[in-house]
Amino acid sequence: MANNGRRSVKAKKGPTIGTGGHGRKALEGKGPTPKAEDRPYHKAHKAKQLSERSAAKRGTGARSAGAAKSGPKGRATEEVVTGRNSVVEALRAGIPAKALHVAIRIEMDDRVKESLKLAAERGIPLMETGKPELDRMTDDAVHQGLVLQIPPYEYQDAYELAEETVEKWKKGHIKNAPLFVALDGITDPRNLGAIIRSVSAFSGHGVIVPERRSVGVTAAAWKTSAGAAVRVPVARAANLNNALKQFKNMGIFVLGLDGDGDVSLPDLTLATEPVCIVVGSEGKGLSRLVRENCDQIVSIPIDSAMESLNASMAVGISLYEVSRQRAAG
């Protein structure tokens, strides 16, 4: 048949049924392999879900109360004790705990066995947790498969604690006059723990810490207090100077400890009265405003070759002298 001079035009080749064109996206790959904890069929995923559920049951109130701390990259980490030695020592000391996290398939030794035993005896929940979650909780610290979660400390209000103690003393419910220790600029939790221990040993009624630029009751403080933090209340003051003024209005004498004092500790005449002893940080001492709010500045006689005493040591010596005078009186 004649084509009248026209050429036949071939159709442009393209994907047709039966070719791979329709499955091109499927051939592009699925990207990097997800982490073990993100794979639903992996045991690490189940461990992560279990940890998240247990955290949800405990609620988020602890974080809003200030227990959570901001870690690197914005991650929130609660107060924890990590490592086998530290965890077993913390449990021996009776530090309050809300959960003991144990790595999946942990290699057992005497420390792990004792930690599990002590936690079970105290009714502390045992959580089998994957390593990725333990790493996250501890901000990649060395945990050796054991992590002890510490609940946030419930601070009393400084004014309310003082008012309540004075009222009990006036009604004869407590024998000794109110005795407090306030911390000015101390940031070492071990100092706080040692001071709490001394306050407990010499029948004190509480420790006062400022809300800002001051140490709080951490796991290290609990440990150093050797359990005394259970017996001695720690109260927070929004402003230490205002709290000291309120104490003075209640009839509590404020005594500051400093090397350049108005009176030497053995010559102290206010020991049998309601007293709040204020101690500053080693080196800096008392701040100017706190010093101005003190009724007396008391110094501890020491060898001239020694510049100053550790804060907890100074408090212990002062509390001993107050206790001695009260017993003699």
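The values are calculated or read from the model by the stated rules, or taken from the named source; none is laboratory data. Since this is a predicted model, take the numbers as computed values, not measurements. When we count neighbours, we look across all protein chains shown, and the Cβ atoms used for this are built from the backbone with ideal geometry, even at glycine. Quick note on the areas: whole protein, heavy atoms, side chains included, nothing else; ligands and nucleic acids left out. Shrake-Rupley method; radii C 1.70, N 1.55, O 1.52, S 1.80 Å.
Scanning segment 311-329 for residues that are modelled with pLDDT under 90 and under 17 Å from residue 207 (Cα atoms) yields no hits at all.
Among the residues of segment 168-213, the one identified as within 15 Å of residue 278 (Cα to Cα) and open to solvent by 50 Å² or more (accessible area, probe 1.4 Å) is 187. Of everything in segment 231-262, what is β-branched (Val, Ile, Thr) and touching a Phe, Trp or Tyr at 6+ places or on another chain (Cβ under 9 Å)? Give them in sequence order. Correct list: 234, 252, 254. What residue, among those in segment 213-231 that are charged (D, E, K, R) and assigned to a loop (DSSP other than H, G, I, E, B), is farthest from residue 189 (Cα to Cα)? Among those that are charged (D, E, K, R) and assigned to a loop (DSSP other than H, G, I, E, B), it is 231.
Looking only at residues that are open to solvent by less than 40 Å² (accessible area, probe 1.4 Å) and not hydroxyl-bearing (Ser, Thr, Tyr) in segment 221-231, which one is nearest to residue 155 (Cα to Cα)? Within segment 221-231, the match that is nearest to residue 155 (Cα to Cα) is 229.
Given the condition under 28 Å from residue 197 (Cα atoms), open to solvent by 80 Å² or more (accessible area, probe 1.4 Å) and over 17 Å from the mean Cα position of the chain (by Cα), answer yes or no: does some residue in segment 109-120 qualify? Yes, there is a match, as at least one residue in segment 109-120 is under 28 Å from residue 197 (Cα atoms), open to solvent by 80 Å² or more (accessible area, probe 1.4 Å) and over 17 Å from the mean Cα position of the chain (by Cα).
Residues in segment 139-151 that are of a type outside the set (Asp, Glu), surrounded by fewer than 19 Cβ atoms within 10 Å (Cβ to Cβ) and under 17 Å from the mean Cα position of the chain (by Cα): 141, 151. The single residue among 282, 292 that is touching a Ser or Thr at 6+ places or on another chain (Cβ under 7 Å) and over 17 Å from residue 266 (Cβ atoms) turns out to be 282.
Residues that are in contact (Cβ under 8 Å) with a residue 24 or more places away in the chain, within 28 Å of residue 192 (Cβ to Cβ) and open to solvent by 20 Å² or more (accessible area, probe 1.4 Å) within segment 121-135 comprise 122, 125, listed in sequence order.
The rows are residues; the columns are (1) among the hydrophobic types (A, V, I, L, M, F, W, C); (2) in contact (Cβ under 8 Å) with a residue 60 or more places away in the chain.
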| position | (1), (2) |
| --- | --- |
| 153 | no, yes |
| 160 | no, yes |
| 170 | no, no |
| 185 | no, yes |
| 195 | yes, yes |
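When every residue of segment 149-169 is checked against the conditions, none turns out to be over 15 Å from residue 232 (Cα atoms) and in contact with a Leu (Cβ under 7 Å, 6 or more places away or on another chain).
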